[in-house]
Amino acid sequence: MTTARTLSTRCGPCPELLLLIFAAAASGLTGEWFDAGIVLTIVVATVAVGYSREYSAQVAADALRARLHVRTQVVRDGRVDTIDTRGTVPGDLVLLSAGCLVPADARIIRRRAWPVRRLRSQARHRRHQ
């Protein structure tokens, strides 16, 4: 993940850091340069540690995401293959069972049974429309 994307995931500045920056500015305005320097050092260290931890977490999440390969069963040329979901193409017949993720937009050709929870959630959705 890029640095800009990592920084953009934050919702905004932390209120505690804003308070510390205000305290450093107030110390500087009153001539307490040593105190202002200490507070600004704390702010910079806090931002650096926070950024480092966020960046490390993003790198770890990206590495896990890269290792995760969701696979699905498709019928191609009359035989069943297990492929990566990103490899599905129009015309593939996707074999689904309970708990499967639908890899793409799909049209149901034949079904045996619907999970009860799914029907219940669809009915609830229709009532609220």
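Observations on the structure shown:
- Among the residues of the stretch 48-70, at least one is closer than 19 Å to residue 106 by Cα and surrounded by fewer than 12 Cβ atoms within 10 Å (Cβ to Cβ).
- Selection of the stretch 11-60 for residues being acidic (Asp, Glu) and in a loop (DSSP other than H, G, I, E, B) yields only 32.
Any read-out appearing in this document is the output of simple, stated calculations on the displayed coordinates, not a laboratory observation. Bear in mind that the values here come from a model prediction, so they are computed numbers and not experimental data. Methodologically, a virtual Cβ is constructed for each residue, glycine included, from the backbone with ideal geometry; neighbour enumeration extends over all protein chains shown.
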